[in-house]
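A quick write-up on the structure given underneath.
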Amino acid sequence: PAERVQLKDKIRRLLKEKNAVMVSHYYVHPDLQDLAEETGGIVSDSLEMARFGRDHAAQTLVVSGVKFMGETAKILSPEKTVLMPDLDATCSLDLGCPIDEFSAFCDQHPDRTVVVYANTSAAVKARADWLVTSSCALDIVRALKDAGHKILWAPDRHLGDYIRRETGADMVFWNGACIVHDEFKALELELLKKEHPQAKVLVHPESPADVIALADAVGSTSAILKAARELDAREFIVATDKGMMHKLRQLNPGKTFYEAPTAGNSATCKSCAHCPWMAMNGLADVARVLETGANAIHVDPALIPRARQPIDRMLAFTA
Ligand code: 13P
Ligand code: SF4
């Protein structure tokens, strides 16, 4: 604990010295969430992280999260320095959607509007018409459908399928998944519901359809927080990364939150409700990158203007 206190003090000092601000995702370690908030940054979902990074005056952004979040920040503010605690922190959706294959898939469907999830590389974004995150995907696809568009969706098949069920849009899918949410199990969730019959179930839409079917509220990390505050219940079962529990408990004292069941325990399942890439973010690395300027995100400048278009569309749609 003494070392943590020292590291936090050092980060507070460095943030000031370097005119930097910290932007953290809800899935990273509670220390990094609290520190971001305390020092004038934010902890939020991927949509609001992008907007905050774009709008903040600081010349240096420290993004605690995964690579696509740092890249999005850089695309929106190429003149800023964007530092990440660990450049190897990526995402199974980003890894599972390489640009060459994705481009070929788009070429096969020239009549479709290309809608991609934020959890993708800069090159994939540069091939897209629209970017979405889980907090705005439903509204954007609904608007596109109403305007007569047929959709090519990538990369998360569970989120895509959920949106298709909700909107009735004509969609073809890339076959990607989040290794964390893909592990939630409906059968075990039903059993847990029986143990806690009063509990409401909150589910992130990257989860399988049979898990979503058991939900009282489905939505992004910020939608899950909102539902926990607003739903008339004292107990909740939460199907998303367990990093989320920190904010849920902090904002809802007196309410009880249970983790939704996954395929196994930490000995048998590779992600067990905590993203291994989000877990790579730590205090020591934040201090180190602020001190040395290491781990600056680089996005090919040739990609930036085109990759920015779908992000700008999303931010304008949700403004
Ligand atoms: P949110 O957009 O809900 O923050 O989700 C990002 C993410 O990586 C979910 O796994
Ligand atoms: Fe990607 Fe899933 Fe990790 Fe989010 S939780 S960053 S979608 S692997």
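The values are calculated or read from the model by the stated rules, or taken from the named source; none is laboratory data. The structure presented is a predicted model; accordingly, all values stated were derived computationally and were not measured. No Cβ is skipped: glycine too gets one built from the backbone with ideal geometry, and neighbour counts run over all protein chains shown.
Observations, loosely collected:
- When every residue of region 278-300 is checked against the conditions, at least one turns out to be under 17 Å from H181 (Cβ atoms), within 16 Å of ligand 1 (Cβ to nearest atom) and either without any contact (Cβ under 8 Å) to a residue 40 or more places away in the chain or not small (G, A, S) (or both).
- The combined condition, being away from ligand 1 (no atom under 13 Å from the Cβ) and either in the same structural domain as H246 (by TED's automatic domain parsing) or β-branched (V, I, T) (or both), is fulfilled by T113.
- Among strands (runs of 3 or more DSSP E) entirely within region 120-192, having at least 2 residues that are within 15 Å of ligand 1 (Cβ to nearest atom) singles out 130-132.
- Residues within region 173-189 that are more than 23 Å from the chain's Cα centre (by Cα) and surrounded by fewer than 14 Cβ atoms within 10 Å (Cβ to Cβ), tallied: 1
- N175 fulfils the conditions (1) touching a Pro at 6+ places or on another chain (Cβ under 9 Å); (2) of a type outside the set (F, W, Y); (3) on the phi > 0 side of the Ramachandran plot except for a single criterion, (3).
- P197 being assigned by TED's automatic domain parsing to the domain that holds D232 and crowded, with 21+ Cβ neighbours inside 10 Å: no
- Pick from region 216-254, criterion more than 21 Å from V43 (Cα to Cα) and surrounded by fewer than 22 Cβ atoms within 10 Å (Cβ to Cβ), ranking: nearest to ligand 1 (Cβ to nearest atom): A217
- Scope region 193-245; condition over 16 Å from the mean Cα position of the chain (by Cα), part of a helix (DSSP H, G or I) and touching a residue at least 40 places away in the same chain (Cβ under 8 Å); matching residues: K193, A209, V211, I212
- If you check L32, L15 for being within 15 Å of ligand 2 (Cβ to nearest atom) and either buried (at least 18 other Cβ atoms within 10 Å of the Cβ) or closer than 22 Å to T133 by Cβ (or both), only one passes: L32.
- Tabulated pairs, region 38-64, first free of Cβ contacts under 8 Å to residues at least 40 places away in the same chain, second of a type in the set (S, T, N, Q) and part of a helix (DSSP H, G or I), C-beta under 9 angstrom, 6+ apart or interchain: M49/T72; G53/T72
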